[in-house]
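Participant: Pasting a structure below so you can have a look.
The values are calculated or read from the model by the stated rules, or taken from the named source; none is laboratory data. Computed from a predicted structure; not experimentally measured. Cβ placement follows ideal geometry from the backbone for every residue including glycine, while neighbour counts extend to all protein chains displayed.
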Amino acid sequence: MSCSQPVGILDSGFGGLSVARAVRRELPSENIIYACDCGFAPWGDQTDDFINARTDAVVDFLVQAHVKAIVIACNTATAVCAARLRGKFRFPIVGIEPALLPAARITRTKTVGVLATTKTLRSSKYQHLRSRIPDDITVIDRPCPGLMDCVEAGEFRTPKTAELVSRFVRPLTAAGADTLVLGCTHYPFLMQAISDAAGPGVTLIDPAPAVARELRRRLEQASLLSMSDRAGTEEFYATGRTKAREAVLRTLWTPKAELREL
């Protein structure tokens, strides 16, 4: 491993770009390889075997690209695969999980809503995290099938998306939640729609900045932090590459971003 090697970031689709944005802000000189599994997404309602197999396929690609660390920018894959992958590889592997503990610290109404995939909410990792919440805090879990698909289709502000978001969010705020945890990396791209549905006075928590800080810490710990004074580069790969998907990438990243087949 050397400081000049890239950092790999993976997700089932483009949601992990919300984490990649945070990594780019936190670590401007790191080279990034982003790899996602659009052709087989979404993962959120799939079996553990399916998620392990697809995550392994993306990880194998990143390993062959000689990355020095991997960020699993997917709550579902972190819950299912992270522990196993950390036992398999020696380089840093950073996962992501719903920011329940920060939410519990800041809620004023003592009620927190969690927007996530069905798989994340059912995982033992999430249930363990939930068990650490103080007894006086009420946590309301809300699986959100279909929200990821809105992001993957580039439908951020359409009436269909707004209606779907409202269906998931309003029962949470009606129950008194003043803090909403974005438990899927796709959901920050729907921040405005979620905020509109939640109304004033509701705080949305995106864990991506904390993930980027943890990546910095792990790279420093392993003496792998880039020493370059140049701006880092980005490469983007996806299974099932299409022009439509490249157009979504360019909307979410930059107009000149190129998507290559994984």
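Participant: Quick check on my filter: what residues within the stretch 222-257 are in a loop (DSSP other than H, G, I, E, B), surrounded by 16 or more Cβ atoms within 10 Å (Cβ to Cβ) and basic (Lys, Arg)?
Facilitator: Initial filter on the stretch 222-257 (in a loop (DSSP other than H, G, I, E, B)): 222-233, 239-242, 253-257.
From what's left, surrounded by 16 or more Cβ atoms within 10 Å (Cβ to Cβ): 224-226, 232, 239, 241, 253, 257.
Selection gives Arg241 alone.
Participant: Also: Taking Thr120 as meeting all but one of (1) assigned to a helix (DSSP H, G or I); (2) among the β-branched types (Val, Ile, Thr); (3) out of contact with any Ser or Thr (no Cβ under 8 Å at 6 or more places or on another chain), write down the number of the exception.
Facilitator: (3)
Rundown of residues vs (1) under 27 Å from Glu220 (Cβ atoms); (2) surrounded by 24 or more Cβ atoms within 10 Å (Cβ to Cβ); (3) out of contact with any strand residue (DSSP E or B) (no Cβ under 8 Å at 6 or more places or on another chain), yes/no style:
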site	(1), (2), (3)
Gln5	yes, no, yes
Leu27	yes, no, no
Asp45	no, no, yes
Asp56	no, no, yes
Ala82	yes, no, no
Leu85	yes, no, no
Lys88	yes, no, yes
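Participant: What about Arg108, is it at pLDDT below 95, over 22 Å from Glu214 (Cβ atoms) and surrounded by fewer than 18 Cβ atoms within 10 Å (Cβ to Cβ)?
Facilitator: Considered against the rule, which asks whether it is at pLDDT below 95, over 22 Å from Glu214 (Cβ atoms) and surrounded by fewer than 18 Cβ atoms within 10 Å (Cβ to Cβ), Arg108 comes out as no.
Participant: Here is a follow-up. Looking at Asp206 and the list (1) over 15 Å from the mean Cα position of the chain (by Cα); (2) within 16 Å of Ala73 (Cβ to Cβ), which single condition is not satisfied?
Facilitator: Single failed check for Asp206: (1).
Participant: Does the stretch 233-240 contain at least one residue that is more than 22 Å from Ala41 (Cβ to Cβ), out of contact with any Lys or Arg (no Cβ under 7 Å at 6 or more places or on another chain) and assigned by TED's automatic domain parsing to the domain that holds Ser29? Let's see the steps before the verdict.
Facilitator: Quick first cut of the stretch 233-240, residues more than 22 Å from Ala41 (Cβ to Cβ) only: 233.
If we keep only those that are out of contact with any Lys or Arg (no Cβ under 7 Å at 6 or more places or on another chain) as well, we get 233.
Add one more test, that the residue is assigned by TED's automatic domain parsing to the domain that holds Ser29, and what stays is 233.
Yes - at least one qualifying residue is present in the stretch 233-240.
Participant: Which residues, taken from the stretch 123-143, are closer than 18 Å to Tyr187 by Cβ and either without any contact (Cβ under 8 Å) to a residue 24 or more places away in the chain or small (Gly, Ala, Ser) (or both)? Spell out the reasoning first.
Facilitator: Start the filter on the stretch 123-143 by keeping residues that are closer than 18 Å to Tyr187 by Cβ, which leaves 123, 126, 129, 139-143.
Selection gives Ser123 alone.
Participant: Residues that are in contact with a helix residue (DSSP H, G or I) (Cβ under 8 Å, 6 or more places away or on another chain), in contact (Cβ under 8 Å) with a residue 12 or more places away in the chain and among the basic types (Lys, Arg): does the stretch 206-215 have at least one?
Facilitator: yes
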